Amino acid sequence: MQALIQIQKLRKSYGAVEVLHDIDLDIRSGEVVVVVGPSGSGKSTLIRCINLLEEYQGGVVLVDGLKVEKGPELAKVRAEVGMVFQSFNLFPHLSTLENVALGPLRVRKSNRKDAEAKARELLVKVGMAEHAHKYPAQLSGGQQQRVAIARALAMEPKVILFDEPTSALDPEMVGEVLDVMQNLAKTGVTMVIVTHEMGFARRVADRVIFMEAGRIVEQGEPQQFFNTPQEARTQAFLKAIL
Ligand code: ADP
Ligand code: MG
């Protein structure tokens, strides 16, 4: 079966500086992939190329067989690729419920009743049902991020990309967000997660990818990756953070 995400010979530059060099990566449907690596290694840039938040200069990215490029198909691709950011990015003037219902209303053209019923279901799933009427400013960071996850899920995307979803949170709120993500992983949603939470990676990932300086240096199942990393650079990275 063809991989859900196919990345071949991906090259990305900012100006004259190339920051991703010939990345090859296939992610199958249902897979949970955790991307780790030092700051500046290209983790964010890589996942942002999957929904064209960043344009790329070489190679190809396909999501479910559709090429990720500027043009008439881009909206279609973006509807299939959810994203959760470090900084939550909820709409401040919309309630929790409205934030979650908005995508289906606008993009999927659902009717309001269905969109709101679905949003309520998702808020139950992320433990935010009692906060449906509140605005983002009335919520803690962990609560906002759980709403952001519900909002991504509302579009029923084929894959959800997470870029350091817990890095902006106070430590006591990290667990509640990781718990939601762990439960999500069990439901078979395809997830690509950039994170520094190695315990989470060990528990939840099907595959861990280590990036450095714009390349994938090593990848493997968590057990193998953390216990017997093969590359000296991986070993040095793990030694520094664990
Ligand atoms: P990571 O997410 O692993 O910390 P990034 O993907 O953010 O790494 O960055 C990869 C490289 O690209 C770094 O050298 C960074 O400085 C550079 N970079 C990232 N965003 C931009 C940008 N908007 N303009 C110029 N350079 C950038
Ligand atoms: Mg980053």
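Quick notes on this structure:
- Residue satisfying all of: in region 172-197; touching a residue at least 60 places away in the same chain (Cβ under 8 Å) and away from ligand 2 (no atom under 16 Å from the Cβ); farthest from Ile47 (Cα to Cα) among these: Gly188
- Residue match in region 213-229 (condition: closer than 24 Å to Gly40 by Cα, more than 16 Å from ligand 1 (Cβ to nearest atom), among the acidic types (Asp, Glu) and without any contact (Cβ under 8 Å) to a residue 24 or more places away in the chain): yes
- Note on region 53-87: residues that are basic (Lys, Arg) and closer than 22 Å to Pro104 by Cα total 2.
- Test: residue in region 32-55 that is away from ligand 1 (no atom under 15 Å from the Cβ), within 23 Å of Met1 (Cα to Cα) and surrounded by fewer than 17 Cβ atoms within 10 Å (Cβ to Cβ): no
- Residue check for Leu169: within 16 Å of ligand 2 (Cβ to nearest atom) and over 14 Å from the mean Cα position of the chain (by Cα): yes
- Total residues in region 22-41, condition closer than 19 Å to Met191 by Cβ and either in contact with a helix residue (DSSP H, G or I) (Cβ under 9 Å, 6 or more places away or on another chain) or not hydroxyl-bearing (Ser, Thr, Tyr) (or both): 13
- Failed condition for Pro72, given (1) out of contact with any Asp or Glu (no Cβ under 9 Å at 6 or more places or on another chain); (2) farther than 21 Å from Gly188 by Cα; (3) away from ligand 1 (no atom under 13 Å from the Cβ); (4) in contact (Cβ under 8 Å) with a residue 12 or more places away in the chain: (4)
- Looking only at region 92-108, residues that are more than 16 Å from Glu156 (Cα to Cα) and part of a loop (DSSP other than H, G, I, E, B) come to 4 in all.
- None of Leu66, Leu46, Leu20, Leu25 is farther than 29 Å from Val174 by Cα and touching a strand residue (DSSP E or B) at 6+ places or on another chain (Cβ under 9 Å) except Leu20.
- Residue pairs whose Cβ atoms lie under 6 Å apart, sitting 6 or more positions apart in sequence or on different chains, and linking a residue in region 31-58 that is more than 25 Å from Asn183 (Cα to Cα) to a partner that is aromatic (Phe, Trp, Tyr) and outside any strand (DSSP E or B), are Cys49/Tyr56.
- Residue that is surrounded by fewer than 19 Cβ atoms within 10 Å (Cβ to Cβ) and touching a residue at least 60 places away in the same chain (Cβ under 8 Å), where the choices are Ser167, Ser140, Ser110: Ser167
- Subset tally (residues that are of a type in the set (Asp, Glu) and under 19 Å from Ala117 (Cβ atoms)) for region 131-187: 1
- Of all residues in region 80-91, those that are within 13 Å of Leu153 (Cβ to Cβ) and among the hydrophobic types (A, V, I, L, M, F, W, C) total 3.
- Filter pass, Glu156 being surrounded by fewer than 17 Cβ atoms within 10 Å (Cβ to Cβ) and touching a Pro at 6+ places or on another chain (Cβ under 9 Å): yes
- Any strands (runs of 3 or more DSSP E) falling wholly within region 2-82 and containing at least 2 residues that are within 16 Å of ligand 2 (Cβ to nearest atom): 5-14, 17-27, 32-36
- Among the criteria (1) assigned to a loop (DSSP other than H, G, I, E, B); (2) in contact with a Lys or Arg (Cβ under 8 Å, 6 or more places away or on another chain), the one Ser87 does not fulfil is (2).
Taken together, the values in this text are just the output of simple stated rules run on the coordinates, not laboratory data. In this text the structure is predicted, and so the values were computed from the model without any measurement. Note that each Cβ is placed from the backbone with ideal geometry, even for glycine, and that neighbours are counted across all protein chains shown.
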